[in-house]
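Participant: Next up is a structure, given as C-alpha coordinates.
The values are calculated or read from the model by the stated rules, or taken from the named source; none is laboratory data. Since this is a predicted model, take the numbers as computed values, not measurements. Reconstructed Cβ throughout: ideal geometry from the backbone, glycine too, with neighbour counts over all protein chains shown.
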Amino acid sequence: ATPTAVMVGIGKGAENGILIKDAEALELGYKVDAVIFDKTGTITEGKPVVTDILWSAQAVNEKDKLAAVLLSLEQQSEHPLAMAVVKHLKAQQVNSLPSAYFHSLTGQGVEGLFNGQPYYAGNLKLVESCKTAVPEELQTAAAVLSQTGKTVIYFASHATVMAIVALQDRVKTNSAKAIAELKNGGIGVYMLTGDQAATAIHIGRQAGISDSHIIANAMPADKSNFVKLLQAQGKTVAMVGDGINDSQALAQANLSIAMGHGSDIAIDVAKITLVSSDLLQIPKALKLSRLTVRTIR
Ligand code: ADP
Ligand code: MG
(Lines give C-alpha, C1' and ligand atoms only; values in the text may rest on other atoms or scores of the structure.)
(Ligands and ions follow the chains in the order given, each with its own letter.)
Protein backbone atom coordinates (compact mmCIF):
# COMPACT_ATOMS: atom_id res chain seq x y z
CA ALA A 1 0.00 0.00 0.00
CA THR A 2 1.20 3.48 -0.66
CA PRO A 3 1.91 5.41 2.54
CA THR A 4 -0.60 8.03 1.39
CA ALA A 5 -3.48 5.57 0.98
CA VAL A 6 -2.73 4.08 4.38
CA MET A 7 -2.59 7.49 6.00
CA VAL A 8 -5.92 8.44 4.47
CA GLY A 9 -7.47 5.14 5.57
CA ILE A 10 -6.20 5.44 9.15
CA GLY A 11 -7.42 9.05 9.23
CA LYS A 12 -10.89 8.08 8.00
CA GLY A 13 -11.03 5.36 10.61
CA ALA A 14 -10.10 7.78 13.39
CA GLU A 15 -12.82 10.21 12.25
CA ASN A 16 -15.31 7.37 12.75
CA GLY A 17 -13.99 6.24 16.10
CA ILE A 18 -12.07 3.29 14.62
CA LEU A 19 -8.49 3.52 15.90
CA ILE A 20 -6.15 1.51 13.67
CA LYS A 21 -2.62 0.94 14.97
CA ASP A 22 -0.72 0.19 11.80
CA ALA A 23 -0.80 -0.28 8.03
CA GLU A 24 -0.87 -4.07 8.32
CA ALA A 25 -4.09 -4.01 10.36
CA LEU A 26 -5.75 -1.76 7.81
CA GLU A 27 -4.59 -3.87 4.88
CA LEU A 28 -5.66 -7.16 6.44
CA GLY A 29 -9.28 -6.25 7.09
CA TYR A 30 -10.61 -7.05 3.65
CA LYS A 31 -9.26 -10.61 3.84
CA VAL A 32 -11.16 -11.47 7.03
CA ASP A 33 -13.61 -14.34 6.51
CA ALA A 34 -14.26 -15.32 10.14
CA VAL A 35 -15.12 -13.03 13.05
CA ILE A 36 -15.14 -14.33 16.61
CA PHE A 37 -16.92 -12.32 19.28
CA ASP A 38 -16.53 -12.55 23.03
CA LYS A 39 -19.91 -12.44 24.79
CA THR A 40 -19.73 -10.33 27.93
CA GLY A 41 -18.96 -6.69 27.21
CA THR A 42 -18.61 -7.32 23.49
CA ILE A 43 -21.96 -8.67 22.26
CA THR A 44 -23.61 -7.62 25.52
CA GLU A 45 -23.27 -4.25 27.16
CA GLY A 46 -21.12 -5.66 29.94
CA LYS A 47 -23.26 -3.94 32.54
CA PRO A 48 -24.80 -6.87 34.36
CA VAL A 49 -27.35 -6.33 37.10
CA VAL A 50 -28.10 -8.80 39.88
CA THR A 51 -31.65 -10.11 39.60
CA ASP A 52 -31.66 -12.94 42.14
CA ILE A 53 -29.60 -14.32 45.02
CA LEU A 54 -30.76 -17.75 46.15
CA TRP A 55 -29.37 -19.39 49.30
CA SER A 56 -29.24 -23.12 49.94
CA ALA A 57 -31.50 -24.54 52.64
CA GLN A 58 -28.39 -25.05 54.76
CA ALA A 59 -26.85 -21.60 54.30
CA VAL A 60 -29.99 -19.49 54.56
CA ASN A 61 -29.76 -19.20 58.37
CA GLU A 62 -26.32 -17.66 58.10
CA LYS A 63 -26.96 -15.62 55.02
CA ASP A 64 -26.11 -12.23 56.57
CA LYS A 65 -22.67 -13.42 57.63
CA LEU A 66 -22.10 -15.18 54.33
CA ALA A 67 -23.24 -12.20 52.25
CA ALA A 68 -20.43 -10.23 53.92
CA VAL A 69 -17.93 -12.85 52.74
CA LEU A 70 -19.33 -12.75 49.21
CA LEU A 71 -19.13 -8.94 49.15
CA SER A 72 -15.55 -9.02 50.41
CA LEU A 73 -14.55 -11.56 47.76
CA GLU A 74 -16.09 -9.71 44.84
CA GLN A 75 -14.88 -6.33 46.06
CA GLN A 76 -11.35 -7.38 45.18
CA SER A 77 -12.21 -8.39 41.62
CA GLU A 78 -12.41 -6.01 38.67
CA HIS A 79 -14.75 -8.25 36.69
CA PRO A 80 -18.01 -6.54 35.64
CA LEU A 81 -19.97 -9.38 37.25
CA ALA A 82 -18.13 -8.78 40.51
CA MET A 83 -18.85 -5.06 40.39
CA ALA A 84 -22.55 -5.77 39.94
CA VAL A 85 -22.58 -8.12 42.93
CA VAL A 86 -20.82 -5.50 45.06
CA LYS A 87 -23.29 -2.82 44.06
CA HIS A 88 -26.24 -5.08 44.87
CA LEU A 89 -24.95 -6.17 48.29
CA LYS A 90 -23.92 -2.66 49.33
CA ALA A 91 -27.40 -1.42 48.51
CA GLN A 92 -28.58 -4.03 51.02
CA GLN A 93 -26.30 -2.55 53.72
CA VAL A 94 -23.94 -5.55 53.75
CA ASN A 95 -20.50 -4.70 55.21
CA SER A 96 -17.23 -6.21 54.03
CA LEU A 97 -14.64 -8.21 56.00
CA PRO A 98 -10.84 -8.21 55.85
CA SER A 99 -9.33 -10.98 53.71
CA ALA A 100 -6.00 -12.66 54.44
CA TYR A 101 -5.62 -13.94 50.90
CA PHE A 102 -7.20 -13.18 47.57
CA HIS A 103 -6.63 -14.70 44.15
CA SER A 104 -8.29 -14.10 40.81
CA LEU A 105 -8.78 -17.06 38.46
CA THR A 106 -9.12 -15.43 35.05
CA GLY A 107 -12.16 -16.67 33.17
CA GLN A 108 -13.43 -18.62 36.20
CA GLY A 109 -13.85 -16.46 39.27
CA VAL A 110 -12.16 -15.52 42.52
CA GLU A 111 -11.06 -17.16 45.76
CA GLY A 112 -10.17 -15.78 49.17
CA LEU A 113 -9.54 -16.69 52.80
CA PHE A 114 -11.85 -15.40 55.54
CA ASN A 115 -11.36 -16.38 59.18
CA GLY A 116 -8.99 -19.05 57.93
CA GLN A 117 -11.59 -20.62 55.63
CA PRO A 118 -11.39 -20.65 51.82
CA TYR A 119 -14.34 -19.32 49.80
CA TYR A 120 -14.95 -19.13 46.06
CA ALA A 121 -17.19 -17.22 43.70
CA GLY A 122 -17.23 -18.23 40.09
CA ASN A 123 -18.69 -20.32 37.33
CA LEU A 124 -19.79 -23.95 37.41
CA LYS A 125 -16.48 -25.05 35.96
CA LEU A 126 -14.65 -23.63 38.97
CA VAL A 127 -17.08 -25.35 41.33
CA GLU A 128 -16.65 -28.64 39.48
CA SER A 129 -12.87 -28.40 39.42
CA CYS A 130 -12.91 -27.87 43.21
CA LYS A 131 -15.23 -30.89 43.54
CA THR A 132 -17.62 -28.76 45.57
CA ALA A 133 -21.12 -30.16 46.14
CA VAL A 134 -24.06 -28.27 44.62
CA PRO A 135 -27.29 -28.69 46.65
CA GLU A 136 -30.10 -29.97 44.44
CA GLU A 137 -32.40 -26.97 44.97
CA LEU A 138 -29.65 -24.68 43.67
CA GLN A 139 -28.88 -26.92 40.68
CA THR A 140 -32.50 -26.77 39.60
CA ALA A 141 -32.74 -23.01 40.07
CA ALA A 142 -29.47 -22.40 38.20
CA ALA A 143 -30.69 -24.38 35.20
CA VAL A 144 -33.91 -22.36 35.01
CA LEU A 145 -32.11 -19.02 35.39
CA SER A 146 -29.47 -19.72 32.76
CA GLN A 147 -32.09 -20.78 30.22
CA THR A 148 -33.47 -17.26 30.37
CA GLY A 149 -30.07 -15.84 29.43
CA LYS A 150 -28.97 -14.92 32.94
CA THR A 151 -25.41 -15.55 34.03
CA VAL A 152 -25.20 -17.65 37.18
CA ILE A 153 -22.37 -17.25 39.67
CA TYR A 154 -21.76 -19.88 42.36
CA PHE A 155 -20.69 -18.83 45.85
CA ALA A 156 -19.11 -21.70 47.76
CA SER A 157 -17.06 -22.80 50.73
CA HIS A 158 -14.52 -25.59 50.13
CA ALA A 159 -17.29 -28.14 50.79
CA THR A 160 -20.52 -26.85 49.32
CA VAL A 161 -22.18 -24.21 47.20
CA MET A 162 -24.08 -21.89 49.53
CA ALA A 163 -25.73 -19.51 47.11
CA ILE A 164 -26.19 -18.70 43.46
CA VAL A 165 -26.34 -15.19 42.07
CA ALA A 166 -28.16 -14.52 38.78
CA LEU A 167 -27.19 -11.53 36.67
CA GLN A 168 -28.81 -10.08 33.60
CA ASP A 169 -26.82 -8.31 30.89
CA ARG A 170 -28.46 -6.78 27.80
CA VAL A 171 -27.41 -7.47 24.23
CA LYS A 172 -26.14 -4.18 22.74
CA THR A 173 -28.62 -2.42 20.44
CA ASN A 174 -26.44 -2.85 17.35
CA SER A 175 -25.06 -6.34 17.92
CA ALA A 176 -27.65 -8.19 15.81
CA LYS A 177 -27.45 -5.61 13.01
CA ALA A 178 -23.64 -5.74 12.88
CA ILE A 179 -23.62 -9.53 12.89
CA ALA A 180 -26.25 -9.68 10.12
CA GLU A 181 -24.11 -7.34 8.00
CA LEU A 182 -21.05 -9.51 8.47
CA LYS A 183 -22.98 -12.67 7.62
CA ASN A 184 -24.46 -11.04 4.52
CA GLY A 185 -20.90 -10.29 3.46
CA GLY A 186 -20.17 -14.02 3.57
CA ILE A 187 -18.23 -13.91 6.84
CA GLY A 188 -18.53 -16.72 9.39
CA VAL A 189 -19.56 -15.36 12.80
CA TYR A 190 -18.79 -17.11 16.10
CA MET A 191 -19.24 -16.39 19.79
CA LEU A 192 -16.85 -17.53 22.52
CA THR A 193 -17.56 -17.18 26.21
CA GLY A 194 -16.47 -18.33 29.62
CA ASP A 195 -20.12 -18.45 30.58
CA GLN A 196 -22.34 -21.54 30.63
CA ALA A 197 -23.91 -23.04 27.50
CA ALA A 198 -27.58 -22.27 28.25
CA THR A 199 -26.83 -18.59 28.93
CA ALA A 200 -24.54 -18.37 25.91
CA ILE A 201 -27.13 -19.86 23.56
CA HIS A 202 -29.86 -17.52 24.76
CA ILE A 203 -27.66 -14.45 24.20
CA GLY A 204 -26.17 -15.80 20.95
CA ARG A 205 -29.62 -16.35 19.45
CA GLN A 206 -30.64 -12.77 20.28
CA ALA A 207 -27.57 -11.59 18.39
CA GLY A 208 -28.27 -13.87 15.41
CA ILE A 209 -25.46 -16.37 15.91
CA SER A 210 -26.33 -19.98 15.15
CA ASP A 211 -26.08 -22.48 18.02
CA SER A 212 -23.36 -24.45 16.23
CA HIS A 213 -21.16 -21.34 16.18
CA ILE A 214 -21.38 -20.75 19.94
CA ILE A 215 -18.63 -22.06 22.21
CA ALA A 216 -19.30 -21.84 25.95
CA ASN A 217 -17.23 -22.65 29.05
CA ALA A 218 -14.15 -21.35 27.24
CA MET A 219 -11.09 -20.55 29.32
CA PRO A 220 -8.64 -17.94 27.98
CA ALA A 221 -6.49 -20.66 26.39
CA ASP A 222 -9.57 -22.31 24.83
CA LYS A 223 -10.42 -19.01 23.21
CA SER A 224 -7.00 -18.73 21.61
CA ASN A 225 -7.06 -22.40 20.58
CA PHE A 226 -10.35 -21.82 18.79
CA VAL A 227 -8.73 -19.00 16.81
CA LYS A 228 -5.93 -21.42 15.86
CA LEU A 229 -8.47 -24.04 14.81
CA LEU A 230 -10.15 -21.68 12.34
CA GLN A 231 -6.75 -20.53 11.07
CA ALA A 232 -5.80 -24.16 10.46
CA GLN A 233 -8.91 -24.35 8.25
CA GLY A 234 -7.41 -21.57 6.17
CA LYS A 235 -9.49 -18.73 7.62
CA THR A 236 -8.32 -15.19 8.20
CA VAL A 237 -9.66 -14.57 11.68
CA ALA A 238 -10.69 -11.38 13.42
CA MET A 239 -11.14 -11.65 17.20
CA VAL A 240 -13.27 -9.07 18.98
CA GLY A 241 -13.06 -8.77 22.77
CA ASP A 242 -12.84 -6.54 25.79
CA GLY A 243 -11.34 -8.53 28.64
CA ILE A 244 -8.07 -9.79 30.09
CA ASN A 245 -9.55 -13.21 29.36
CA ASP A 246 -9.59 -12.37 25.63
CA SER A 247 -6.02 -11.11 25.31
CA GLN A 248 -4.49 -14.48 24.36
CA ALA A 249 -7.06 -14.96 21.60
CA LEU A 250 -6.60 -11.36 20.44
CA ALA A 251 -2.85 -11.94 20.15
CA GLN A 252 -3.38 -15.13 18.16
CA ALA A 253 -5.90 -13.67 15.67
CA ASN A 254 -4.89 -12.25 12.28
CA LEU A 255 -6.80 -9.10 13.15
CA SER A 256 -7.60 -8.08 16.72
CA ILE A 257 -10.33 -5.65 17.71
CA ALA A 258 -10.87 -4.30 21.24
CA MET A 259 -13.78 -2.44 22.77
CA GLY A 260 -12.99 1.14 23.80
CA HIS A 261 -14.38 0.45 27.27
CA GLY A 262 -12.30 -2.73 27.53
CA SER A 263 -9.42 -3.62 29.83
CA ASP A 264 -6.06 -1.97 29.20
CA ILE A 265 -4.52 -5.31 28.29
CA ALA A 266 -7.09 -6.00 25.57
CA ILE A 267 -6.61 -2.52 24.09
CA ASP A 268 -2.80 -2.86 24.24
CA VAL A 269 -2.84 -6.18 22.41
CA ALA A 270 -5.46 -5.27 19.80
CA LYS A 271 -4.59 -3.68 16.45
CA ILE A 272 -7.93 -1.88 16.23
CA THR A 273 -9.93 -0.22 19.01
CA LEU A 274 -13.58 0.78 18.62
CA VAL A 275 -13.92 3.93 20.70
CA SER A 276 -17.69 3.66 21.20
CA SER A 277 -17.64 -0.16 21.56
CA ASP A 278 -20.27 -0.21 18.78
CA LEU A 279 -20.09 -3.44 16.77
CA LEU A 280 -21.41 -1.72 13.62
CA GLN A 281 -17.92 -0.23 13.36
CA ILE A 282 -16.61 -3.69 12.45
CA PRO A 283 -18.25 -4.03 9.02
CA LYS A 284 -17.25 -0.37 8.53
CA ALA A 285 -13.62 -1.11 9.35
CA LEU A 286 -13.54 -4.07 6.98
CA LYS A 287 -15.04 -1.92 4.22
CA LEU A 288 -12.47 0.80 4.88
CA SER A 289 -9.76 -1.81 4.41
CA ARG A 290 -11.32 -2.94 1.13
CA LEU A 291 -11.50 0.62 -0.16
CA THR A 292 -7.92 1.36 0.88
CA VAL A 293 -6.53 -1.73 -0.79
CA ARG A 294 -8.57 -1.09 -3.93
CA THR A 295 -7.04 2.38 -4.19
CA ILE A 296 -3.61 0.83 -4.25
CA ARG A 297 -4.32 -1.63 -7.02
P1 ADP B 1 -16.81 -13.82 28.92
O2 ADP B 1 -15.96 -14.79 28.18
O3 ADP B 1 -18.27 -14.00 28.60
O4 ADP B 1 -16.37 -12.38 28.73
P5 ADP B 1 -15.36 -14.32 31.41
O6 ADP B 1 -14.37 -15.23 30.77
O7 ADP B 1 -14.88 -12.98 31.85
O8 ADP B 1 -16.68 -14.15 30.48
O9 ADP B 1 -15.98 -15.04 32.67
C10 ADP B 1 -16.47 -16.34 32.52
C11 ADP B 1 -17.28 -16.74 33.72
O12 ADP B 1 -16.44 -16.82 34.87
C13 ADP B 1 -18.38 -15.77 34.08
O14 ADP B 1 -19.56 -16.02 33.35
C15 ADP B 1 -18.55 -16.06 35.57
O16 ADP B 1 -19.40 -17.15 35.75
C17 ADP B 1 -17.15 -16.45 36.02
N18 ADP B 1 -16.45 -15.32 36.67
C19 ADP B 1 -15.41 -14.62 36.19
N20 ADP B 1 -15.02 -13.67 37.07
C21 ADP B 1 -15.83 -13.78 38.14
C22 ADP B 1 -15.95 -13.09 39.40
N23 ADP B 1 -15.16 -12.08 39.74
N24 ADP B 1 -16.92 -13.49 40.23
C25 ADP B 1 -17.74 -14.49 39.90
N26 ADP B 1 -17.68 -15.17 38.74
C27 ADP B 1 -16.75 -14.84 37.88
MG1 MG C 1 -15.73 -9.99 27.86
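Participant: State which residue is surrounded by the most Cβ atoms within 10 Å (Cβ to Cβ) when the search covers only the stretch 47-59 and only residues that are in a loop (DSSP other than H, G, I, E, B) and touching a strand residue (DSSP E or B) at 6+ places or on another chain (Cβ under 8 Å).
Facilitator: Ranking the candidates gives Pro48 first.
Participant: Here is a follow-up. Out of the stretch 168-199, which residues are surrounded by fewer than 24 Cβ atoms within 10 Å (Cβ to Cβ), in contact (Cβ under 8 Å) with a residue 60 or more places away in the chain and over 20 Å from Ser212 (Cβ atoms)?
Facilitator: Within the stretch 168-199, Gln168, Arg170, Lys172, Asn174, Lys177, Glu181 meet the criteria.
Participant: Still on this model: Of the residues Val86, Val127, Val110, only one is buried (at least 16 other Cβ atoms within 10 Å of the Cβ), at pLDDT 90 or above and not in a helix (DSSP H, G or I); which?
Facilitator: Result of the check over Val86, Val127, Val110: Val110.
Participant: Does at least one position in the stretch 251-266 carry a residue that is within 16 Å of ligand 2 (Cβ to nearest atom) and of a type in the set (D, E, K, R)?
Facilitator: yes
Participant: Please find, within the stretch 226-251, the residue that is nearest to ligand 1 (Cβ to nearest atom) out of those that are more than 24 Å from Asp264 (Cβ to Cβ) and free of Cβ contacts under 8 Å to residues at least 24 places away in the same chain.
Facilitator: Out of the qualifying residues, it is Leu229.
Participant: If I ask for residues that are assigned to a helix (DSSP H, G or I), of a type outside the set (Gly, Ala, Ser) and exposed (fewer than 15 other Cβ atoms within 10 Å of the Cβ), which ones from the stretch 5-32 would you list?
Facilitator: So the first thing to find is which residues in the stretch 5-32 are assigned to a helix (DSSP H, G or I), and the list is 5-15, 23-31.
With the extra rule that they be of a type outside the set (Gly, Ala, Ser), the set shrinks to 6-8, 10, 12, 15, 24, 26-28, 30-31.
Result: Met7, Glu15, Glu24.
Participant: Let me ask something additional. For the stretch 2-42, give me the residue count where each residue is free of Cβ contacts under 8 Å to residues at least 40 places away in the same chain and of a type outside the set (Val, Ile, Thr).
Facilitator: Selection size over the stretch 2-42: 6.
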